[in-house]
1. Name the strands (runs of 3 or more DSSP E) wholly within the range 236-340 that hold at least 3 residues that are open to solvent by less than 20 Å² (accessible area, probe 1.4 Å) and in contact with a Ser or Thr (Cβ under 9 Å, 6 or more places away or on another chain)?
2. For the range 88-113, name all the residues that are modelled with pLDDT under 90, under 30 Å from the mean Cα position of the chain (by Cα) and surrounded by fewer than 16 Cβ atoms within 10 Å (Cβ to Cβ).
3. For the range 98-125, how many residues meet the condition of being without any contact (Cβ under 8 Å) to a residue 12 or more places away in the chain and of a type in the set (A, V, I, L, M)?
4. Tell me, yes or no, whether the range 135-147 has at least one residue that is part of a helix (DSSP H, G or I), surrounded by fewer than 20 Cβ atoms within 10 Å (Cβ to Cβ) and among the acidic types (Asp, Glu).
5. Suppose we filter 301, 309 for residues that are farther than 14 Å from residue 337 by Cβ, within 19 Å of the chain's Cα centre (by Cα) and free of Cβ contacts under 8 Å to residues at least 24 places away in the same chain; which single one remains?
6. Restricting attention to the range 114-121, does a residue exist that is charged (D, E, K, R) and open to solvent by 20 Å² or more (accessible area, probe 1.4 Å)?
7. Looking at 8, 72, 17, can you tell me which residue is open to solvent by less than 20 Å² (accessible area, probe 1.4 Å) and modelled with pLDDT under 90?
8. Which of (1) touching a Phe, Trp or Tyr at 6+ places or on another chain (Cβ under 8 Å); (2) in a helix (DSSP H, G or I) is the odd one out, the single condition residue 23 does not satisfy?
Amino acid sequence: MAEANHHSFLMDRDPMSTDRHATRRSKLLSLIRRNGANPLLITNPRNVTYLTGFTGEDTYLLIGPQQLQLFSDSRFETQLKDECPEIPAEIRTARTLMPEFLASLLPRFNLKAVGIESTSMVASVRDMLVEKLKPIEIVSQPGLVEELRMIKDAEEIQELRAAIRQAERGFELMRSLLMTEQTERQAAHDLEHGMRRFGALRAAFEPIIAVGDHAALPHYRAGLRTFQEAGFALVDWGAVSGKGYHSDLTRLLVTSKLPPKLHQIYGVVLKAQLAGIAAIRPGARCQDVDAAARKVIEEAGYSKYFGHGLGHGIGLDIHEWPRFSPISNDELKPGMTVTVEPGIYLPGIGGVRIEDDILVTRDGHEVLSSLPKEVPFVAG
């Protein structure tokens with residue numbers, strides 16, 4: 001079975017979802033016309049979900065001014081009828097591979113060319129499509145759906161709020177039950193279980209719980225070090241809501257005593273994060289938001305210990321557009337949801353990262369996450 005299985009919401013279908021997804025498809029068609037693009041073959045499963053409401057996998061969507069067609073297989077025939085009955089679906093059997101299936105059906109649409117999502121399609125599938133779909137030309141047209149996904153509607157924002165609350169409640173439960181003889185991995189399991197107890201579909205990613213100098217590794221994977229081996233741990237985690245939206249948070253968890261050096265850099269990172277958040281507003285460039293936070297860290301003398309971007313968009317994926325980085329010219333708009341997560345990482349000592357989830361509003365921003373951060377968390 002596929003990882004995560006995308007979950008089926010057959011019993012929870014929103015009667016308004018048809019209108020919402022039709023509106024998204026209409027906006028995509030406007031983008032296609034504006035860019036002079038070809039009809040698109042949507043193969044990224046998150047984008048198929050965004051445009052149709054279908055929550056399964058291994059299903060493609062053809063969309064253009066005169067084209068609207070799903071291509072799937074018999075595992076999802078009933079689910080497609082339930083989740084997006086307004087869209088016609090062609091169903092293949094196990095005797096036919098998807099590229100061959102498409103080659104037998106796409107000619108009926110009289111296409112000279114079809115766009116593909118080249119940033120998510122693996123090269124082997126693209127090569128098969130190029131071969132099987134001749135003489136239809138395969139054209140790379142990435143980013144159109146992702147451009148739409150940057151702006152969240154009211155339902156999406158509600159789902160993100162739910163994912164944040166699930167993550168926060170799971171963290172509070174894990175923290176209250178934490179025993180110092182536990183390993184990082186055991187605590188990560190407890191954290192994920194806690195999020196699920198409060199309604200999360202799953203963890204947004206494998207929780208990062210990094211004790212002691214492991215916290216100097218930004219994407220450390222929880223291992224067998226126990227909490228009693230050091231007085232602090234970096235915790236980076238998130239939840240996936242019932243409809244597939246991701247939260248992403250980071251806090252420093254203190255179990256006994258924080259080394260003086262880390263206490264100092266905690267103050268620097270917090271000041272940097274607050275500066276970055278304060279710079280978020282409609283019209284702000286992402287590189288300027290990044291610069292506002294990075295300047296604080298540079299002035300404190302730690303510029304070489306903060307190498308990653310300040311943050312990223314969140315939604316149906318844990319990493320979406322826009323991105324906060326020194327080279328990003330993206331402009332913030334109302335409805336965007338982003339993380340702000342500066343960090344300082346000192347090899348052999350440890351690291352500090354503080355991360356919150358932010359909504360860009362019409363007149364500025366709203367911090368969606370609510371866990372305290374003025375002082376590091378204390379376990380128990």
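1. 311-313, 320-324
2. Result: 97, single match.
3. 2
4. Checked against the condition, which is being part of a helix (DSSP H, G or I), surrounded by fewer than 20 Cβ atoms within 10 Å (Cβ to Cβ) and among the acidic types (Asp, Glu), the range 135-147 yields at least one hit.
5. Selected residue: 309, the only one of 301, 309 that is farther than 14 Å from residue 337 by Cβ, within 19 Å of the chain's Cα centre (by Cα) and free of Cβ contacts under 8 Å to residues at least 24 places away in the same chain.
6. no
7. Only one candidate passes the filter, namely 17.
8. Status for residue 23: all satisfied but (1).
The values are calculated or read from the model by the stated rules, or taken from the named source; none is laboratory data. Remember, it's a predicted structure, so these values are computed and weren't measured experimentally. All Cβ positions, glycine included, derive from the backbone under ideal geometry; neighbour counts span all protein chains shown. All accessible areas refer to the heavy atoms of the entire protein, side chains included, with ligands and DNA or RNA removed. Shrake-Rupley method; radii C 1.70, N 1.55, O 1.52, S 1.80 Å.
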